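This report concerns only the one structure given below.
The values are calculated or read from the model by the stated rules, or taken from the named source; none is laboratory data. What you see is a predicted model; the values in this text were computed from it and never measured. Virtual Cβ from ideal backbone geometry, glycine too; neighbours counted across all protein chains shown. Note: accessible area is taken over every heavy atom of the protein model, side chains too, but ligands, DNA and RNA are not part of it. Shrake-Rupley method; radii C 1.70, N 1.55, O 1.52, S 1.80 Å.
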Amino acid sequence: MKSTWKALRSTDHLYGRELTELYRSITQGSQKPVVADVSKNPLRALRILQNPDLDVRLIHFVRDGRAVAWSLKKAYKVDLEAGLQKEIKPRKASRTALFWTVVNLQSLFVKRFAKYYKMVRYEDLTQNPAKVLEEIGIFADVDFAPVINKIAQDEDFEVNHVLAGNKLRMSKKLKLV
């Protein structure tokens, strides 16, 4: 049992060191001072928060659970141009509700370990993007004025780099509506 715990601690230390190096490489390569890690797993966020080499600002982004259930009950066929690389089958509302609840409870647990924490409701962002982005900017020490101006002028956003997630990641341009 001792050797198992020793191996886990060694792996945990290695993960933390490699994560620090990854973020450092991203900031150097991009010449940007901030990395936005949009991980959706609160337990991964907990691990990142435990890294003393990182200045982490945790933003808990929440969408109304009913809207999530409505969105996930739709089926989608493969459409490579739209970014759908596989068929998406509808999910039962009960399963979505359970998953939504578990993830948000985990997030509230992780909040206890964050020096900096802010909850942002999706609905608030869509109703008043300038106000919410300004609040996030103050919280994260990031200037969102160029983004706020683009939204105010109804301009498109170029999609630069997204690894996975929403089907919009394959789009060339987006518009906040």
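Place a point 7 Å from the Cα of Ala97 along the Cα-to-Cβ direction; which residues of the range 57-88 have their backbone N under 19 Å from it? Counting only backbone N, you get 63-74.
Net charge around Leu49, counting only other residues with Cβ within less than 13 Å of its Cβ (Lys, Arg = +1; Asp, Glu = -1)?
Working: positive: Arg44, Arg47, Arg57, Lys111, Arg112, Lys115; negative: Asp37, Asp53, Asp55.
Value of the local net charge: +3.
Extent along the principal axes, Cα only, for the range 50-103: 44, 29, 14 Å, with the longest axis given first.
Beyond 27 Å between alpha-carbons counts as too far, so tell me which of Lys32/Lys115; Lys40/Lys131; Lys77/Lys131; Lys32/Lys118; Lys118/Lys150; Lys111/Lys131 fall in that bin. Intermediate results must be reported in sequence, preceding the final value.
Working: Lys32/Lys115 22 Å; Lys40/Lys131 24 Å; Lys77/Lys131 36 Å; Lys32/Lys118 22 Å; Lys118/Lys150 24 Å; Lys111/Lys131 23 Å.
Check vs 27 Å cut-off fails for Lys77/Lys131.
Sequentially through the range 140-150, phi angles give Karplus couplings (6.51, -1.76, 1.60; θ = phi - 60°) of 9, 6, 10, 8, 9, 3, x, 5, 4, 5, 4 Hz, Gly and Pro residues having no value and appearing as x.
Annotation: extensible slack from Arg112 through Ala145 equals 8.8 nm (criterion: 0.36 nm per residue apart, minus Cα-Cα distance).
Estimated at 0.36 nm per residue, the fully extended path between Arg17 and Val38 surpasses their Cα-Cα distance by 5.6 nm. What does a probe at Ala152 reach in the range 124-143, counting residues whose amide N is under 12 Å from the point 7 Å along Cα→Cβ? Output list for this probe position: 130-131, 134.
Neighbours of Tyr116 by Cβ distance under 12 Å: Lys/Arg scored +1, Asp/Glu scored -1, total +2.
Along the range 59-65 the Karplus relation, 6.51 cos²θ - 1.76 cosθ + 1.60 evaluated at θ = phi - 60°, assigns HN-Hα couplings of 10, 8, 8, 10, 10, 3, x Hz to successive residues, with x for each Gly and Pro. Distances between placed amide hydrogens fall under 5 Å for His60 paired with Lys118, Met119, Val120, all partners being 5 or more residues away or on another chain.
With a 1.4 Å probe and every protein chain kept in, tell me what percent of the accessible surface of the range 4-126 is carbon plus sulfur. Accessible surface attributable to carbon and sulfur in the range 4-126 totals 58 percent.
Converting phi to 3J(HN,Hα) with the Karplus coefficients 6.51, -1.76 and 1.60 and the offset θ = phi - 60°, the range 100-109 yields 4, 5, 4, 4, 6, 5, 4, 4, 5, 5 Hz in sequence order, with x at every glycine or proline.
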